[in-house]
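The structure appears below as structure tokens.
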Amino acid sequence: MSEDGSRDDSLSIDRRNALKMLGTAGVAVAGTGLGSVAFSGNSAAATVDIGATNPSSVTNDRGDLSKVTIDPTFRVEWENLDTAVGKVFYVIEGRTRDNGNWSDWSPVFRSTPWLTPGSLQGADASKPGTTGYLEFSDPLSAIMNRSSASRDNDNPSPGFGSTGKAEDPRPLPRPIEVVNELGRPDYENADYSDINGVDASSYLAGNSMGGANSAYSNLDSGELSRTEGGAVEYGDSSLDDNGGTLPLVNNFPGAESGYYGAAGDTSRFDVDEDGASDTDTVEIRYTFALQTLTESDIPYFTGSDFDDNYSTVETAIREDSWLENVRPEDVNTGNSELVMDGTDGYPSITNNGANSAASNVYDAYQAIADSHPAVISTTAQFTVTVMNEAGDSGVTGDTSAGASGGGQ
């Protein structure tokens, strides 16, 4: 099943300002920060400021790093576009540098928040429109946790929850793991035969993936990363039994977001020599794309019983208060597309590797990010230091010597 325009991954987001990330690294070291990403319809250029704080160094007797995590907060804003925004797609990728050599980029998380009515604690969004925003003031791990709970409660909004029960089988909240001891999943050799239209290439490129529930049922091993010597932990869910082989630790089926595992393993970071330390770099790439509504989406955006209140989709668009900033011509008959794709002299993702304006091809978005008002791609770096404590030994105590003797 193609991911284009589907209701599989959903939450909410905005347009172009600046974004700040917190990385947590090593043995449970974390930080947090709020940033923003701002888009403007007046120009293809955008002001982006995504930062990352360096986590504290990890010191232990083995020089062993168990995981590097991020748990971002962000605000996305847009203004003066020609078409109303109804959804914000984003993908997070990671890579590491060791001795000057970068690994390849690998996706670690993706989601498509919808600007539907209702909200979660720590998440706020505007109505759909040519100007608007989405803000996650609480860390992403908390939003995933609350979204999963909302969906389990059969909330009818696909923006922050949707009809139907879906369980996340692993503990929540949990941050996104960029590096861990399980390493990058072997996507290339996984079995995608039970997910229609999906293969390793399309899964990694982003254009055809199925849903996060399908990923858990068919691809995911259910395993979580762990510290050395710790017990392997597997989830338990009422979703179809998962028989996959991939450690998709960043997949959140309860929130229909995530899909991926870590970008790499910890071998680049581990320090074997006693008394030695090493500092390596982690780089995160964020790509955001603003998307249109579709006719099939409209019932989820009305915030009311659509069938009882509106005779047609166009009537709902013209009369519903949540859609007051949307015009009928803003709404697609097919799948959600990139806002202003190939219009007003701006480039199209179809000229950069995407089959249609509705294809979420990461490379295609990144190719036009510098010249399109509805796409942003930017990076942030932080360093991770691991130290292997020097071995030492000694003896303390008291011999309590004594002597005695006798004679004549």
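Computed from the coordinates by the stated procedures, all read-outs in this text should not be read as laboratory data. On a predicted model such as this, the values are computed, not experimentally measured, just so you know. Here the Cβ positions follow ideal geometry from the backbone for every residue, glycine too, while neighbour counts run over all protein chains shown.
Structure values in brief
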{"quantity": "The stretch 172-182 - phi-based ³J(HN,Hα) in whole Hz, Karplus 6.51/-1.76/1.60, Gly and Pro as x", "calculated": "10, x, 8, x, 7, 9, 8, 9, 7, 6, 6"}
{"quantity": "Burial ranking of peptide ranges 242-249, 351-358 (average Cβ count within 10 Å, highest at the top)", "calculated": "242-249, 351-358"}
{"quantity": "Charged-residue dipole, Cβ positions (Lys, Arg, Asp, Glu), the stretch 184-262 about Cα centre, Debye nearest 20", "calculated": "240"}
{"quantity": "FRET efficiency, THR333 to ALA200 (Cβ-Cβ, R0 30 Å, nearest 0.05)", "calculated": "0.45"}
{"quantity": "Prolate/oblate/rounded call for the stretch 200-293, Cα gyration tensor, a/c under 1.5 rounded", "calculated": "oblate"}
{"quantity": "ASP307-THR279 FRET efficiency (beta carbon distance; Förster radius 60 Å; 0.05 resolution)", "calculated": "0.50"}
{"quantity": "³J(HN,Hα) computed for each position of the stretch 328-337 - Karplus, 6.51 cos²θ - 1.76 cosθ + 1.60, integer Hz, glycine/proline x", "calculated": "x, 6, 7, 9, 7, 7, x, 8, 4, 10"}
{"quantity": "Percent of Cα-Cα distances greater than 13 Å, calculated over the stretch 209-253", "calculated": "51"}
{"quantity": "Simple label model, 7 Å out from Cα along Cβ direction - ASP104 to SER296, nm", "calculated": "3.2"}
{"quantity": "Relative contact order for the stretch 176-247, counting Cα pairs under 8 Å that sit 6 or more residues apart, in percent", "calculated": "33"}
{"quantity": "Cut-off under 5 Å, modelled amide H: who pairs with ILE176 long-range", "calculated": "ILE70"}
{"quantity": "Simple label model, 7 Å out from Cα along Cβ direction - ASP236 to GLU188, nm", "calculated": "3.8"}
{"quantity": "Net charge contributed by nearby residues that have their C-beta within less than 13 Å of GLU314 (K/R +1, D/E -1)", "calculated": "-3"}
{"quantity": "Three-way shape call for the stretch 64-114 based on the alpha-carbon gyration tensor, with the a/c threshold at 1.5", "calculated": "prolate"}
